[in-house]
Structures are given as C-alpha cells and as structure tokens.
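A short worksheet on the structure shown next.
The values are calculated or read from the model by the stated rules, or taken from the named source; none is laboratory data. This one's a predicted model, so the numbers in the text were calculated from it and none came from an experiment. Ideal geometry is used to build each Cβ from the backbone, glycine not excepted, and the neighbour counts take in all protein chains shown. For the accessible areas, the whole protein counts, side chains as well, though only heavy atoms, and no ligand, DNA or RNA atoms are used. Shrake-Rupley method; radii C 1.70, N 1.55, O 1.52, S 1.80 Å.
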Amino acid sequence: MQRLLAVDNRWTEALRLRPAQRGLRAVAAFLAHSGDSWFWGAGLVVLIWRGDPGQRAWGLQLLLAIAGLAAVVLVIKFTFRRRRPEGEWGSLYRMTDPHSFPSGHAARAFLIAALVFAWGPMWLVPIILVWAPLVAVARVAMGLHYLSDIAGGAVLGLAAALVVIEVVG
C-alpha cells in the first residue's frame, strides 16, 4: 500500500501547478470552482423555478442525484479521513472539509456528465464530457486532492449515475 501511495504522491506533485504559473492557475481555479455544489445547486433551483415542465423535471432529478451523491461522498470521506495535500489555495475547502478521498467535485462532475449523456440535452454532451475531467484534474493541479482522490471520485460519480439511470430511467 505504501508503494501505491508513494506513486500517487509523485504523480500528484507532477500535476500540481506552481505559483509562478499564473495563467494556468487562473484557468485551473475557475475549473476547480465550476464543480462547486452551491453553484450547481443554485443553478438547478433557478431552472426548477423558472424552467418549462421538462426542464423542471430534468433539474429536479439532477439536483436530487447530486444531493444523494453528496451524502455518499461525506460518509466515505469520514470513513477514510484522508488529509488533503499540503497547500495554501482553497482555504475554504480546507476549513470546511479537511478530507480528500474521494473528491466530491470529481464525483459530482462525472455524475453530471453521465446524466447529461443519458438525459440530454444533446448539445451539452460534448461540452460536459470535456468539462468533467478538467474539473477533476484542476482539483489536483490546485493542490486540493491527490490523483487517487479524483480517480475514486470519478468512479463513484459514474457508479452513482448508473444507479440513478436504473432507478429514474
């Protein structure tokens, strides 16, 4: 296990952006925040409130899937209690959620991508399929997660999407 963690740490460090890489850090910070639960929750609440009946149903299903996944992520995080990598960026995340495994942002991004792929709209599919892995990698690049955290989050998000699709359709 120690050997795997050492490889994980080495690959994580290789992906991490340095302070001097300002332009890339700005893009990565934007992508890292674009997977925030409050952002998606607020957007989906507006869609449920103002959308047509089809949009409301889609938004509600997605919001409930995100909330259910968040509960599962928290249980896993408090079971494993893996500390986040050392770093200065993301102090809010570090204070409110000191545990890194699995990445909730990666799980959420891959859940959303899989559900958009299954439910549409089709114009959004290529965008969201590019966006999801970028959110996950940005979390590592900004020093909030290890590579294995985002891999675990991605697998969890995809598994949750399969459950949701099986249950909802």
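Annotations for the structure displayed:
- Subset of the range 139-169 [touching an Asp or Glu at 6+ places or on another chain (Cβ under 8 Å) and open to solvent by 10 Å² or more (accessible area, probe 1.4 Å)]: Y146, L147, S148
- Residue, surrounded by the fewest Cβ atoms within 10 Å (Cβ to Cβ), within the range 93-138, restricted to residues that are of a type in the set (G, A, S) and in contact with a His (Cβ under 9 Å, 6 or more places away or on another chain): S100
- Qualifying positions in the range 1-16 - at pLDDT 90 or above and not in a helix (DSSP H, G or I): R16
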